[in-house]
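Take a look at the structure set out below.
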Amino acid sequence: MKIAIIGTGNVGGALATQWSKAGHRLYLGVRDTKDFKGKELLDNAQTTAHSVAEAVRQAEVILVAAPPEIAETLSETFGDTAGKIIIDATNAVRTKPENYPTAFHAFEALTEAAVVKCFNSTGFENMRNPDYGDVTLDMFAAGDNSQAKAVAVQLSKDAGFEKCYDFGGSDKVELLEKFALSWINLAIFQKTGRNIGFKVVVR
């Protein structure tokens, strides 16, 4: 797939690296193509840096791992998103868009793309490596568009997660963000450490 990465920090960088290893074409959407956080990602195969608009133009899928409060502004810079898929990996825990409860809702309202919430429920360390030896972590996706969910499922597997569970429709997006807050609570506030993750066990 041709994937634009908007937000080249820990989460965007981890997924860009995993997807590059899986053979995808990565377009890093940045403000300054000569100086940006995660510049080392250019060492990955099939990875180049572009303006946000150009990265989006060339991509089929757009991963957003930027602060959720800029979602409305980002939507204006994307350009034409018809026929594209936006994966919202943000969490409106501390900040959120001015006029929407989450970045997902902003993208759904302000773009023509199919939007799915995914890659928000665990730390970037688990996106770099979801393999815990005896078990491999799971991922979760929410949204109403089945095609966008199918892409999220495939990209979850390409990132190394064992399974990506359907968390429900758009009405479950805020619940999935609260699920992410549970990870944050355990890992950071309860001092369990960041090397923890979620696994669904089925009898």
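Among the residues making up segment 124-142, those that are surrounded by fewer than 19 Cβ atoms within 10 Å (Cβ to Cβ) and in a helix (DSSP H, G or I) are Phe124, Glu125, Arg128.
Scan segment 186-203 for residues that are hydrophobic (A, V, I, L, M, F, W, C) and surrounded by 11 or more Cβ atoms within 10 Å (Cβ to Cβ) and report the count. Within segment 186-203, residues that are hydrophobic (A, V, I, L, M, F, W, C) and surrounded by 11 or more Cβ atoms within 10 Å (Cβ to Cβ) number 5.
Annotation: of all residues in segment 96-151 being touching a residue at least 60 places away in the same chain (Cβ under 8 Å) and of a type in the set (Asp, Glu), the one that is farthest from Val201 (Cα to Cα) is Glu108.
Confirm whether Ser156 is of a type in the set (S, T, N, Q) and buried (at least 17 other Cβ atoms within 10 Å of the Cβ). Answer is yes for this residue. Of the residues Gly169, Gly197, the single one that is touching a Leu at 6+ places or on another chain (Cβ under 6 Å) and at negative phi is Gly197.
Considering only strands (runs of 3 or more DSSP E) fully contained in segment 1-112, which possess at least 3 residues that are under 21 Å from Gln154 (Cβ atoms)?
So the answer is 2-6, 25-29, 61-64, 85-88.
Considering only residues in segment 134-144 that are out of contact with any Ser or Thr (no Cβ under 9 Å at 6 or more places or on another chain) and not aliphatic (A, V, I, L, M), the one that is modelled with the lowest pLDDT turns out to be Asp134. Reported count of residues in segment 173-203, each being touching a helix residue (DSSP H, G or I) at 6+ places or on another chain (Cβ under 9 Å), among the charged types (D, E, K, R) and not in a loop (DSSP other than H, G, I, E, B), is 2.
The values are calculated or read from the model by the stated rules, or taken from the named source; none is laboratory data. Computed from a predicted model, the values in this text were never measured in an experiment. Note that each Cβ is placed from the backbone with ideal geometry, even for glycine, and that neighbours are counted across all protein chains shown.
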